[in-house]
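For reference, the structure is listed below as structure tokens.
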Amino acid sequence: MEQTQNNAEALLRLEEPFSPNEVKWRVFATNHDGRKGRVKPYADPRSYTDRLNEVLTVSGWTREYSVHTISPITRLKKDKIIQTGKVLVTCTITVAGIGSHSGSGEKWADDENAMTSSEAQAFKRACACFGLGRYFYRVSAVWVDLDEFHQPKSVPSLPAWALPKSSLSAKQPNAAGKPDQQPRSSSAVAKGPLDASVTTKIEGHRQELGQTLYQSILTMVAQVRSARDIPNQQLQQSVLNWIESAARGMAQVRKIAAEIPETTFYSILDSHGVQSLAKVPNFGVLKKLVEEMTQAAPSKSAA
């Protein structure tokens with residue numbers, strides 16, 4: 001029963017929209033003079049891989065490709081008849097405890113990126129069977145102005161339902177020590193130099209916070225799914241402040257948990273729908289756990 005619930009939660013997390021800074025727009029049709037084009041959103045295959053690793057862990061899923069070619073095929077290209085072929089790729093993704101799904105991709109063999117494009121197409125289609133990236137199919141194509149290189153001069157805004165939901169409001173108070181600034185959306189922040197040491201510090205707290213709480217803070221503060229996607233040092237530091245505050249709160253909870261009756265500890269967790277400290281859903285719940293366990297602790301702990 002618990003495994004079934006965990007699988008359902010994992011699939012729901014896979015279905016969540018990507019962060020706006022991971023979304024790109026592709027022109028797939030133009031008008032007669034090439035000044036306007038129809039665009040649709042998409043995400044790089046690396047974003048799909050990152051999401052699978054974050055939700056399922058690197059050992060929780062696998063993918064396998066099979067490649068076939070068809071030739072010769074005669075087709076019309078730029079008003080000329082050419083002999084070519086097709087590259088066909090099938091990608092099978094297997095998720096431990098859930099099952100396997102396959103997707104296929106194809107490109108004309110005379111395309112210099114035929115193999116790469118076919119693999120990406122097959123991979124994404126297999127992912128969509130698990131719900132990952134499937135929401136892109138629901139986003140309507142939009143006409144936009146194109147520049148001289150046939151690229152969009154500006155891109156449309158995604159509808160609200162196609163944006164990730166923050167786990168907390170931007171003004172959520174801290175659990176144990178207030179961070180020095182409030183969270184902001186990284187989509188409104190310019191990219192700049194990054195500090196690799198800060199990224200390492202952030203990622204170093206993943207295990208002690210649990211993946212759910214860790215991911216919740218990244219989404220809340222920077223609207224990203226990976227510490228490596230935070231756009232600049234200022235936002236890196238803001239995320240680190242919140243992460244370290246959560247780590248202090250979690251340490252306080254664990255300390256008190258060792259000093260109070262086990263029944264009291266689990267009663268507090270149950271009152272907030274938390275199965276274990278590894279599955280605290282967000283910063284707000286952590287704050288409540290700190291408060292309630294502090295009240296339940298012996299006077300020496302409360303001090």
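The values are calculated or read from the model by the stated rules, or taken from the named source; none is laboratory data. Note that the coordinates shown come from a computational prediction; the quantities given were computed from them, not determined experimentally. Cβ atoms come from the backbone with ideal geometry, glycine included; neighbour counts cover every protein chain shown. Just the protein is used for accessible areas: all its heavy atoms, side chains included, with ligands, DNA and RNA removed. Shrake-Rupley method; radii C 1.70, N 1.55, O 1.52, S 1.80 Å.
If only residues of the range 233-289 that are closer than 17 Å to Gln211 by Cβ, small (Gly, Ala, Ser) and in a helix (DSSP H, G or I) are counted, the one that is most open to solvent (accessible area, probe 1.4 Å) is Ala278. Reported count of residues in the range 216-241, each being within 14 Å of Val280 (Cβ to Cβ) and at pLDDT 90 or above, is 1. Considering the range 122-139, and only residues there that are open to solvent by 40 Å² or more (accessible area, probe 1.4 Å) and without any contact (Cβ under 8 Å) to a residue 60 or more places away in the chain, the residue that is nearest to Ala8 (Cα to Cα) turns out to be Cys129. Looking at (1) under 29 Å from Asp229 (Cα atoms); (2) open to solvent by less than 80 Å² (accessible area, probe 1.4 Å); (3) of a type in the set (A, V, I, L, M, F, W, C), which is the one condition that is false for Val58? Result: Val58 passes all but (2).
Taking the criterion of being over 22 Å from the mean Cα position of the chain (by Cα), among the small types (Gly, Ala, Ser) and farther than 17 Å from Ala251 by Cβ, the residues of the range 266-287 that qualify are Ser267, Ser271, Gly273.
In this structure, Ile268 does not qualify as β-branched (Val, Ile, Thr) and under 20 Å from Val23 (Cα atoms). The listed residues are Glu119, Glu148, Glu112, and the only one of them that is among the acidic types (Asp, Glu), surrounded by 19 or more Cβ atoms within 10 Å (Cβ to Cβ) and not in a strand (DSSP E or B) turns out to be Glu119.
Scanning the range 31-55 for residues that are buried (at least 21 other Cβ atoms within 10 Å of the Cβ) and basic (Lys, Arg) yields one hit, Arg51.
Residue-by-condition table, conditions (1) within 18 Å of Thr212 (Cβ to Cβ); (2) outside any helix (DSSP H, G or I); (3) among the hydrophobic types (A, V, I, L, M, F, W, C):
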{"position": "Asp33", "(1), (2), (3)": "no, yes, no"}
{"position": "Gly37", "(1), (2), (3)": "no, yes, no"}
{"position": "Leu52", "(1), (2), (3)": "yes, no, yes"}
{"position": "Val55", "(1), (2), (3)": "yes, no, yes"}
{"position": "Val58", "(1), (2), (3)": "yes, yes, yes"}
{"position": "Tyr65", "(1), (2), (3)": "no, yes, no"}
{"position": "His68", "(1), (2), (3)": "no, yes, no"}
{"position": "Pro72", "(1), (2), (3)": "no, yes, no"}
